[in-house]
1. Checking A193 against (1) under 24 Å from P5 (Cβ atoms); (2) free of Cβ contacts under 8 Å to residues at least 12 places away in the same chain; (3) hydrophobic (A, V, I, L, M, F, W, C), only one condition comes out false. Which one?
2. Hey, can you tell me all the residues within the stretch 63-77 that are within 17 Å of G141 (Cα to Cα) and without any contact (Cβ under 8 Å) to a residue 12 or more places away in the chain?
3. Taking only pairs six or more apart or across chains, which ones have beta-carbon atoms under 9 Å, a first residue in the stretch 108-124 that is touching a residue at least 12 places away in the same chain (Cβ under 8 Å) and in the same structural domain as Y143 (by TED's automatic domain parsing), and a second residue that is of a type in the set (S, T, Y) and surrounded by fewer than 16 Cβ atoms within 10 Å (Cβ to Cβ)?
4. With in contact (Cβ under 8 Å) with a residue 40 or more places away in the chain, closer than 23 Å to D219 by Cβ and not assigned by TED's automatic domain parsing to the domain that holds G136 as the only criterion, which of L95, L36 stands out?
5. Do the conditions hold for T201, that is, is it of a type in the set (S, T, N, Q), more than 15 Å from the chain's Cα centre (by Cα), crowded, with 18+ Cβ neighbours inside 10 Å and modelled with pLDDT of 95 or more?
6. Keeping to the stretch 28-67, report how many residues are surrounded by fewer than 16 Cβ atoms within 10 Å (Cβ to Cβ), under 19 Å from E9 (Cβ atoms) and modelled with pLDDT under 95.
7. Which one is farthest from the chain's Cα centre (by Cα) among residues in the stretch 2-57 that are farther than 19 Å from E207 by Cβ and among the aromatic types (F, W, Y)?
8. From the list A125, A106, pick out the single residue that is under 24 Å from V166 (Cβ atoms) and at pLDDT below 95.
Amino acid sequence: MPIEPAPTEWELPPAHAAGEDDLVALGADLEPGTVLAAYRAGMFPMHVSGRRMLGWWSPARRGVLPLDGLEISRSLRRSCARYELRIDTAFDEVLVACADPSREGAWINAEIRHAYNRLHEMGWAHSIETWDPTSGRLVGGLYGVHIDGLFAGESMFHHRTDASKVALVGLVEHLRSIGAVLLDVQWLTPHLATLGAIEITRADYLERLAVALSTSTADFTT
């Protein structure tokens, strides 16, 4: 079971304080208690582009992937059969791959990496990994935070065709099996839309979040 950290020393503003903006607040820290409090309030951390300042974000239009709405093409089903899925066997390797500075929009720095590794060690952050059974190499994956019935997806990567999509398929199947009810993908992208992700209002997201946080699930690594 996850270890509950010491509570945050910061008073975080409500997510709706951002109005039509996505950025709610600046500052605070990345202590485990602060990060978990933010997720429970509908926010997530990311540094502001071009600045060293830590931002707390709650998109006015939030991306979610309904767990009963995943769309799997025939080619993706074939890809699923080619790879092996694992959970939490290479968490930091997934983080490093997601943080590759050559990727467009790369945002994961050493501070973020350290923070999520701490959450992983405490049982809150998890990775779904796609492995090539022939070479034994990690070829794709994703990571995020699991709290009650919520899984907040953070980032994904692939080194082979469909490898990140296969990880997402595995994640959705796993979340269903443990009783989770909400998969947050932060912002809707064309890539995620092809898999069934949709965009909802912040108010709708916060209502769904309240339900998720009152939903008990099996342990993520069960």
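The values are calculated or read from the model by the stated rules, or taken from the named source; none is laboratory data. Model, not experiment: these values are computed from the prediction. Please note: Cβ atoms are built from the backbone with ideal geometry, for glycine as well, and neighbour counts cover all protein chains shown.
1. Every condition holds for A193 apart from (1).
2. Answer for the stretch 63-77, where residues must be within 17 Å of G141 (Cα to Cα) and without any contact (Cβ under 8 Å) to a residue 12 or more places away in the chain: just R77.
3. G123/T221
4. L36
5. It is false that T201 is of a type in the set (S, T, N, Q), more than 15 Å from the chain's Cα centre (by Cα), crowded, with 18+ Cβ neighbours inside 10 Å and modelled with pLDDT of 95 or more.
6. 1
7. Only one residue tops the list, namely W10.
8. Just one listed residue meets the conditions, A106.
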